[in-house]
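Q: One structure follows; several queries about it will come next.
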Amino acid sequence: MTIAISAAYGLIIGSFLTVVVDRVPRGASIVSPGSACGSCGLRLGFRDLVPVFSWLALRGRCRRCRTNIGIEPLILELVTSVTFGLFAWKFGLDWALPAFCALAAGLIGLSWIDLRTKRLPRSIIYVTAAIGIPLLCVAALVRHEPRRMWMMLLGAGCALAFMGIVYVASRGGMGDGDVRLSPLLGAYLGWLNPGFVAVGLFIGFFAGAVVGVVMMAAGRAGRKTAVPFGPFLALGTIVAVLVGQRCIDIFMRR
Ligand SMILES: [Zn+2]
């Protein structure tokens, strides 16, 4: 039940993210004006804005001018929904659930923007931290585990230190947005278990290296091409949240 409700929230938040990823890189307000068709300017009403269902009913086209709005909104809504559902499966009904859903929403929005514009807008990083970190503190106190707040600080520090070293060593290969994002990821993973910070970063770098090599082999990218790294950090973090302990167990051969 918790999983279904969480997944439904994911659809709504995913729908909101389609607005965020469209407007934040342009510096436009995410509140007003309301959503409109990019082609004919038709203001979207309630029945155009029901996640997934509106898209399916209209087959991804504007109701008036029939302009194709693309499959992106649908993918964004479904990815957010699935991630929220997985976190509900992981955490159950707990204060940690809204905290980690805030992280998921932030990471999905940031990854989307990074793929398109190769930038990680700091406003989204800061808003995610401003919502998520207090929720993590509440979750730690409700569980009577205040030590998790120290684990959070430790995780943030370790992630920032590691990414700072990579940033200097890579001489411009790594974006400063990735460094700015790292303490947020470290705080979340550290809250769970400071060891998960290493798991998340390792998976992120490994996935990024694999995709980078494949793209080079396919001739799609040269050594100098900047591959957006945000989505890989996001992927590593979400995998570490879900199965971090199993990764550590496998590594330790227990
Ligand atoms: Zn239209």
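Q: Specify the residue that is nearest to the ligand (Cβ to nearest atom); the eligible residues are those in region 33-48 that are under 17 Å from residue 15 (Cβ atoms) and surrounded by 16 or more Cβ atoms within 10 Å (Cβ to Cβ).
A: Only one residue tops the list, namely 37.
Q: If only one of 4, 8, 57 is more than 16 Å from the ligand (Cβ to nearest atom), outside the structural domain of residue 111 (by TED's automatic domain parsing) and farther than 25 Å from residue 125 by Cα, which one is it? Quick ask: steps written out before the conclusion?
A: Values: 8 fails: farther than 25 Å from residue 125 by Cα; 57 fails: more than 16 Å from the ligand (Cβ to nearest atom).
4 is the lone residue from the list that is more than 16 Å from the ligand (Cβ to nearest atom), outside the structural domain of residue 111 (by TED's automatic domain parsing) and farther than 25 Å from residue 125 by Cα.
Q: Return the residues of region 128-179 that are of a type in the set (S, T, N, Q) and surrounded by fewer than 16 Cβ atoms within 10 Å (Cβ to Cβ); say none if nothing qualifies.
A: Within region 128-179, 170 is the sole residue that qualifies.
Q: Restricting region 138-178 to residues that are at pLDDT below 95, under 20 Å from the mean Cα position of the chain (by Cα) and of a type in the set (Gly, Ala, Ser), which is farthest from residue 193 (Cα to Cα)?
A: Out of the qualifying residues, it is 175.
Q: Residue 122 fails exactly one of the following numbered conditions: (1) within 16 Å of the ligand (Cβ to nearest atom); (2) basic (Lys, Arg); (3) closer than 21 Å to residue 228 by Cα. What is the number of that condition?
A: Among (1) within 16 Å of the ligand (Cβ to nearest atom); (2) basic (Lys, Arg); (3) closer than 21 Å to residue 228 by Cα, the lone unmet condition for residue 122 is (1).
The values are calculated or read from the model by the stated rules, or taken from the named source; none is laboratory data. No experiment lies behind these values; they were computed from the predicted model shown. Every residue, glycine as well, gets a Cβ built from its backbone with ideal geometry; the counts of neighbours run over all protein chains shown.
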